[in-house]
1. So what J values fall out for the range A:305-310 if you push phi through Karplus, 6.51 cos²θ - 1.76 cosθ + 1.60 with θ = phi - 60°, rounded to Hz, Gly and Pro as x?
2. For a quick protection proxy, order the peptides B:51-64, A:208-221, B:156-169 by their average other-Cβ count within 10 Å, most packed first.
3. Among A:S67, A:S308, B:S155, A:S264, which comes first, second and so on when ranked by fewest other beta-carbon atoms within 10 Å?
4. Using the beta-carbon distance between A:T9 and B:M139 and R0 = 25 Å, what value does 1/(1 + (r/R0)^6) give for FRET efficiency, to the nearest 0.05?
5. Could you derive backbone 3J(HN,Hα) for the range A:200-213 from the dihedral phi with the Karplus parameters 6.51, -1.76 and 1.60 (θ = phi - 60°), listing whole Hz in sequence and x where the residue is Gly or Pro?
6. What's the magnitude of the charge dipole for the range A:235-310 around its Cα centre, counting Lys and Arg as +1 and Asp and Glu as -1 at the beta-carbon? Answer in Debye, nearest 20.
7. Let me know the charge dipole size of the range B:120-192 about its Cα centre in debye, to the nearest 20, where only the beta-carbon of Lys, Arg (+1) and Asp, Glu (-1) is charged.
8. Would you mind giving the mean number of other chain beta-carbons within 10 Å of the Cβ of each residue in A:259-271, as a whole number?
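Each reported figure results from applying straightforward, stated rules to the coordinates on display, with no laboratory input. Model, not experiment: these values are computed from the prediction. Backbone-built Cβ (ideal geometry, glycine too); neighbour counts: all protein chains shown.
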Amino acid sequence: MTQKHSPLTELMHAVLDGEASDAEARELEMRLAADPAARVEFEGWKRLFEALGAVPKEHAPEGLVASIAAAIPQAPGAAGGASQPFPAQRVLGHTLFGVSRRAPIRSVTMTEQTTRRIFAHRKAWLGAGVAAAAAVVVAQVAFDFPLAKDVVGTVIPAQRYRAAQNGSEQVQLGAPAVQAAPTGTVPDASRALAEKSAAESALKADKAQTELKADRMQSELKADRAQSELKADRMQTEMKAEKAQAELKADRMQSGLKADRVQSELKADRMQTEMKAEKAQAELKADRMQTEMKADKVQTELKADRTSQQ
Amino acid sequence: MRSPTFAAVACTSDEDDDRVLVERYLSGDRDAFTALVVRYQRPIYNAAFWVLRRHEDAHDISQTVFLKVAERADEYDPKYKFFSWIYRIAVNESLNLLRRQRHEDKLEDDVEIAGDESAGPERQASAAQLARQLRKAMMTMATSDRLVLTLRHFSECSYEEMAQILEIDEKTVKSRLFEARRRLRGLLEDWK
């Protein structure tokens with residue numbers, strides 16, 4: 001259920017989010033100055049925003065970067081990607097699904113597009129395998145290798161592979177069967193195995209190197225993070241000090257203003273008192289003058305009376 | 001007016017640098033992609049954690065996201081922020097997993113939150129307590145609330161960036177944020 005919110009509250013949020021324009025910020029300032037209730041509300045929101053900013057962020061677990069770095073496939077568009085001993089997606093899938101406990105769930109998350117890509121590669125490899133097998137069969141059928149007619153006695157081609165252990169006397173010179181042996185696919189297979197093993201070793205070395213690199217980058221990042229946090233701490237301390245200074249200054253100004261005001265009021269009071277005193281003096285003087293005039297008049301009248309009696 | 005206090009990069013990261021790294025990766029430099037992983041592992045992990053509320057799941061999703069990004073790096077449109085793109089993938093992956101799981105297992109709430117050491121012991125304790133309460137409160141909120149609060153307050157995304165990531169308009173972003181904060185404040189007041 002949503003609650004209808006006032007435009008003023010919306011404005012408060014926009015200002016606290018840093019999304020308000022200067023004009024909007026000024027408008028809020030004016031409205032807060034005029035409305036104590038709005039000021040209280042604003043302070044409440046401000047506290048919540050500050051507290052949210054102070055909630056510590058989660059740290060990614062150690063080894064996350066290394067595990068991802070080791071599984072990074074060759075870039076989709078990069079040259080040389082196809083010459084990898086294994087398709088990139090396979091390497092990716094192997095690492096991802098092999099490490100996690102929730103592998104089957106995650107496999108569902110793969111997009112249809114990705115899955116299609118993986119299957120396309122699988123199909124290509126399967127196709128190549130079938131073609132190679134067919135070629136071997138065709139070669140066996142099509143060519144008549146002169147095996148039986150030129151070899152006498154034991155199976156010489158089998159002995160060829162133990163040549164390192166045999167003496168030279170056992171080598172049958174001029175035996176054409178040596179060249180024509182249909183078991184010629186055996187050294188090919190062994191070579192392929194060796195190549196595969198070399199490729200795997202290279203891949204392993206590559207992976208180790210990548211992990212090392214990732215570790216190094218992580219260490220650098222950690223150092224950077226520590227530096228940044230230190231810097232932020234220092235900035236915070238400086239800001240706090242500045243704020244305290246500003247508050248002190250403001251207090252002092254306020255105190256100064258207060259003292260000035262008190263002085264002015266005192267001065268005004270004094271002036272008022274003096275004016276009052278002057279007024280009182282003037283009135284007293286006037287009274288006295290009036291009294292003297294009255295006395296003079298009475299004296300004059302008495303004098304006149306006395307003169308008329310005489 | 002945003003405070004650059006979140007040590008891990010998030011919405012405030014250098015876009016040009018990201019684009020260069022993506023280009024380098026596309027031309028065959030896998031180290032460039034590792035650099036992107038190093039840069040974004042924490043915000044992505046945080047996003048996944050605040051949607052799923054479980055460290056294990058956040059770890060799995062972080063792996064999935066980066067590998068998916070590597071696979072699709074050629075689909076990245078440089079006219080958008082790289083962070084918005086990767087964050088959107090992280091949010092979608094997390095929501096997908098959440099939908100599939102639909103479990104209400106015990107949530108993780110074992111993180112010790114330290115106080116601000118520069119403050120006095122009393123204030124330190126109260127700040128840490130408030131942070132703990134906030135975290136606890138957020139853990140009980142709806143996913144959409146947690147998502148907008150995380151994007152805005154932990155990853156410092158603007159309304160515009162949030163709109164891009166969540167694929168909604170800015171007005172809806174504002175409204176959702178407002179409602180989430182109001183509910184969060186309500187929860188905190190209930191606990192007083």
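1. Taking θ as phi minus 60°, the curve returns 4, 4, 4, 5, 6, 5 Hz for the range A:305-310.
2. Numbers: B:51-64: 22.4, A:208-221: 15.8, B:156-169: 19.1.
Averaged packing, sorted descending, gives the order B:51-64, B:156-169, A:208-221.
3. Values: A:S67 20, A:S308 7, B:S155 26, A:S264 10.
Lowest count first: A:S308, A:S264, A:S67, B:S155.
4. Details: r = 26 Å, r/R0 = 1.02.
Efficiency computed from Cβ-Cβ geometry: 0.45.
5. In residue order, the calculated couplings are 5, 4, 4, 5, 5, 4, 4, 5, 4, 4, 4, 5, 4, 4 Hz.
6. Values: 16 positive and 15 negative charges, 11 e Å.
Dipole about the Cα centre, nearest 20: 60 debye.
7. Numbers: 14 positive and 11 negative charges, 85 e Å.
Dipole about the Cα centre, nearest 20: 420 debye.
8. Working: counts 0, 0, 0, 0, 0, 0, 0, 0, 0, 0, 0, 0, 0.
Partner Cβ neighbours, averaged per residue: 0.
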